[in-house]
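Derivation of every value follows stated rules applied to the coordinates shown; laboratory data play no part. Since the model is a prediction, treat every value here as computed from it, not as a measurement. Here the Cβ positions follow ideal geometry from the backbone for every residue, glycine too, while neighbour counts run over all protein chains shown.
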Amino acid sequence: MAEPNDIRVIIDSHCHIASQEFYPNSFIQGSVGNMLQVLTAQGIPATKKSLCGMFEQTLQDPCCDILVSEMAEAGIAKSVLLIADFSYALKDCKLTIEESFNKHRAVLARHPGKFDVFGGIDPRWGQDGLALFERSLTEFGFCGFKIYPPCGFSPSDPALFPYYELCAYHQIPVVLHQGPTSPALSFDVSNPFLLDEAARRFPAVNFVLAHGSVSFIEECSMMCRYRPNVYMDLSGFQTFTGDRMITGVRNAVTQGLNHKILFGTDWPVFRLQGSQKNFVSVLVDEDEGALSQLSDAEKDLILHGNLKRLLQEKADAPASRKNAEAHECM
Amino acid sequence: MDIDTTIDEKIMGLIAESVPSKFKKNTITPATHLRRELGMDSIGILSFVFRFEKAFGIDLSKTNFHVDMSEIRTAGDAVNLARKVIEQSQPANGA
């Protein structure tokens, strides 16, 4: 079996900092509860405590040093760190959103050139949230917006429009979670069609539907096919196992939509299953990889070209990106 | 058959038990890739870990051994890691 082609530039469009600080216990416990159901139904002697312990082991990289090492091993040149703001919906968050932004700023400064950060804010935080988001673009060096609708709002909620106006002004993309998530949150606002009004009202803003090859697969494809400013990422493809992991990605990349699809791993969510190198290999292995039947040009679009194009627009934006100031990580 | 061989076989047996039914017929060798060839997702890996704890009477959370799940890629990796845990746990378990 061939090794991943390390000459090909790879940018991971969907990662998070692997630290418990960014995940409320209620969020983790909900996800672990689902796992526990599967295990106990099979007669496996698992407990919630032991499962949480294993989950926590995957969240011990607050400065992203391990991630950078895994990126090097996998041939990933750069990763996008997405900030999900659970602080309005879940009351057991360990950090305020401003503290969370500062932690990401520190990682950006610690690993120059290795990361981009998309700040996330629940729109119900009002003017304070909007002001912080704008500072993240003009002062912190962040270059995108992340929203998490299962926290209880539609991606077309008018409260988000001022954020989208800022995104249009600064020419930055928006990544939104779509599909079910931890049972601590709402699934009824996770349908990608809920984005349609916002995508229509803000044609100058590019929206990326996360997990487009995993949840609401048909809906995501339709949105990408018919809305010029809607894209999707492949993150979460590791949800499926064995051949289905490869066929899931293959199905996504054989629809004539490769100018709209972004590679992503959702680090650290699948760390129990493998390393970044394993996951890159699933896609880029020359013989059996999910992208093996595509032309080099199509592979490049998915692995870095599409994201670069979305971020390139920022280069001409009115407020240029400034280097993140050095902050102490931890 | 020596003790080491018995332990290895027991661990390979635990891996076989943790494989999803669709992949049960696949032959397992030390080089077999757990995720790609045996369809083991995070639930499958966790099943193996919990079965291992029960079979050997080891509570990983009470040991000082740090198990990095991402290092378990092949059946051989799982066997090697399990053996290390068993070796490190022996003094604590007593003779």
**Fill in**
Over all viewing directions the Cα convex hull of the range A:1-85 casts an average projected area in nm² of 7.7 nm²
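Which ordering of A:V9, A:V214 is given by a fewest-first count of other beta-carbon atoms within 10 Å? The partial results should precede the final answer.
Values: A:V9 14, A:V214 23.
With the fewest neighbours first, A:V9, A:V214 line up as A:V9, A:V214.
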**Mean shadow area of the range A:35-178 over all directions, Cα convex hull, nm²** = 10.6 nm²
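To one decimal place, what orientation-averaged projected area in nm² is obtained for the convex hull of the Cα set of the range A:239-288? If you can, show how the numbers build up before the last one.
Details: hull surface 15.0 nm².
Answer in nm², one decimal: 3.7.
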**the protein assembly as shown: Cys lacking any partner C-beta under 4.7 angstrom** = A:C15, A:C52, A:C64, A:C93, A:C143, A:C151, A:C167, A:C220, A:C224
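Among A:K277, B:K22, what is the fewest-to-most ranking by other Cβ atoms within 10 Å? Before the final figure, lay out the partial values.
Working: A:K277 18, B:K22 13.
Arranged by neighbour count, lowest to highest, A:K277, B:K22 become B:K22, A:K277.
Starting with the fewest neighbours, write out A:E286, A:E219, A:E21 ranked by other beta-carbon atoms found within 10 Å of each beta-carbon. Intermediate values should be presented prior to the final figure.
Numbers: A:E286 12, A:E219 19, A:E21 15.
Listed from fewest to most nearby Cβ atoms, that is A:E286, A:E21, A:E219.
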**Prompt:** What lysines sit close enough to B:K62 to cross-link, taking a C-alpha to C-alpha distance under 18 Å and skipping anything fewer than 8 places away on the same chain?
**Reply:** A:K48, A:K49, B:K54, B:K84
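Taking Cα atoms of chain B, Rg/Rh with Kirkwood Rh, to two decimals?
On the way: Rg = 13.0 Å, Rh = 13.6 Å.
Taking Rh as the inverse mean 1/r over Cα pairs, Rg/Rh reads 0.96.
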**Asked** Taking only the alpha carbons of the range A:44-129, what extent do you get along each of the three principal axes, in Å, biggest first?
**Response** 48, 35, 15
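What shape does chain A take by its C-alpha gyration tensor, where a ≥ b ≥ c are the square roots of the eigenvalues and a/c under 1.5 counts as rounded, a/b above b/c as prolate, and the rest as oblate?
Numbers: a/c = 1.26, a/b = 1.07, b/c = 1.18.
Note, shape of chain A comes out rounded.
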**Request:** Return the long-range amide H neighbours of A:G264 (sequence gap of 5 or more, or a different chain), with a cut-off of under 5 Å between placed amide H atoms.
**Result:** A:S13, A:L234, A:S235
